[in-house]
1. Go through (1) among the small types (Gly, Ala, Ser); (2) within 18 Å of Ala79 (Cα to Cα); (3) buried (at least 19 other Cβ atoms within 10 Å of the Cβ); (4) not assigned by TED's automatic domain parsing to the domain that holds Val134 for Gly223 and report which single condition fails.
2. Any residue that is more than 24 Å from Gln165 (Cβ to Cβ), over 16 Å from the mean Cα position of the chain (by Cα) and assigned to a helix (DSSP H, G or I) - is there at least one of those in region 78-96?
3. Of the residues that make up region 163-185, is at least one modelled with pLDDT of 95 or more, more than 14 Å from the chain's Cα centre (by Cα), crowded, with 21+ Cβ neighbours inside 10 Å and under 23 Å from Ala39 (Cα atoms)?
4. What are the residues in region 235-256 that are among the aliphatic types (A, V, I, L, M) and either surrounded by fewer than 18 Cβ atoms within 10 Å (Cβ to Cβ) or in contact with a Ser or Thr (Cβ under 7 Å, 6 or more places away or on another chain) (or both), if any?
5. Among the residues of region 116-139, how many are touching a strand residue (DSSP E or B) at 6+ places or on another chain (Cβ under 9 Å) and part of a helix (DSSP H, G or I)?
6. From the list Ala139, Ala101, Ala159, exactly one residue is free of Cβ contacts under 8 Å to residues at least 60 places away in the same chain and either aromatic (Phe, Trp, Tyr) or touching a Lys or Arg at 6+ places or on another chain (Cβ under 9 Å) (or both). Which is it?
7. Is it the case that Gly55 is on the phi < 0 side of the Ramachandran plot and surrounded by fewer than 21 Cβ atoms within 10 Å (Cβ to Cβ)?
8. I want to confirm something. Restricting to region 4-33 and keeping residues that are in contact with a strand residue (DSSP E or B) (Cβ under 7 Å, 6 or more places away or on another chain), outside any loop (DSSP other than H, G, I, E, B) and not aromatic (Phe, Trp, Tyr), which single residue is surrounded by the most Cβ atoms within 10 Å (Cβ to Cβ)?
Amino acid sequence: MLALTSLEPEEARRLRGVLFDLDDTFLSHGLLSRAAYGALWDLKDAGLAAVPVTGRPSDWGQMLARQWPVAGCVTENGAVHFVRDAGGVRRLDACDDVERARRRARLASLVERVRQSVPEATLTQDAHMRSSDVTWDVAERAQLSADVVRRIVREIEAAGARWSQSSVHLHATFDLDDKASGAVRFCVRELGDDAGAVLARYAFVGDSGNDAPCFSAFRTTFGVANVRASLGRLGVTPRYVAPSTAGEGFAEIVAALLSRR
């Protein structure tokens, strides 16, 4: 990983937008800092599209797309998108209602399976706000050991579901999207770029294991300093790393990008 000072002006000038994780990347221990929110407005003022790409629930995405200075929001690790339009906010789900209901029923069975076999595991407080996945709290309010997390993962895999882990949650889903595929689909459909241009001309900022697909796919990638805690779960590290953690690190990344443009 390179220091932010290594970012060349031509790379910064090539960018059309910034995609970014929320927990422990843009948010600091769940809170929105003045520095991070100010940096979001700085991106807008510079004419760069900003898009949160998060594992958080779809209900969060509707609010963020409506209230924040962003081009839209990609939620639930790529599965459900929101974009502001003249009439409010549009919701975009790759599944139709029938298939979504079928997958929700399978997730409910998985939740019961985990409840019986791993009684220490508890669902996240935002689990009821989700549509495409289910989440267990591993490091937000609870602090689950690596062994307990592995036991949950075994149950997820036995049910034929996919899993990913953020800095705070363990996710299970029967959808095929990850953050990278969901972000690319959003940018193609809503921002008018082709897939190749998205990967080359949008930067990604993240910190944890479920950001791995984006660190692998995008040409320009950044980690806030706390990404170092997740390096063991990343096949490809971010190209650049900020000196500071979470929201302060995000603000440093934005400042570096804009100063070189």
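1. (2)
2. no
3. No: region 163-185 contains no residue that is modelled with pLDDT of 95 or more, more than 14 Å from the chain's Cα centre (by Cα), crowded, with 21+ Cβ neighbours inside 10 Å and under 23 Å from Ala39 (Cα atoms).
4. Kept after step one, since they are among the aliphatic types (A, V, I, L, M), are these residues of region 235-256: 236, 241-242, 246, 251, 253-256.
Within region 235-256, Val236, Ala246, Ala255 meet the criteria.
5. Within region 116-139, the subset touching a strand residue (DSSP E or B) at 6+ places or on another chain (Cβ under 9 Å) is 118, 121-127, 130-139.
Pick out the ones that are also part of a helix (DSSP H, G or I) and you get 127.
Residues meeting the conditions: 1.
6. Working: Ala139 fails: either aromatic (Phe, Trp, Tyr) or touching a Lys or Arg at 6+ places or on another chain (Cβ under 9 Å) (or both); Ala101 fails: either aromatic (Phe, Trp, Tyr) or touching a Lys or Arg at 6+ places or on another chain (Cβ under 9 Å) (or both).
Being free of Cβ contacts under 8 Å to residues at least 60 places away in the same chain and either aromatic (Phe, Trp, Tyr) or touching a Lys or Arg at 6+ places or on another chain (Cβ under 9 Å) (or both) holds for just one of Ala139, Ala101, Ala159, which is Ala159.
7. Numbers: on the phi < 0 side of the Ramachandran plot: yes; surrounded by fewer than 21 Cβ atoms within 10 Å (Cβ to Cβ): no.
So Gly55 fails the test.
8. Residue satisfying both the conditions and the ranking: Leu19.
The values are calculated or read from the model by the stated rules, or taken from the named source; none is laboratory data. Keep in mind that what you see is a predicted model, and the values were worked out from it rather than measured. FYI the Cβ positions are ideal-geometry reconstructions off the backbone, even for glycines, and counts take in every protein chain you see.
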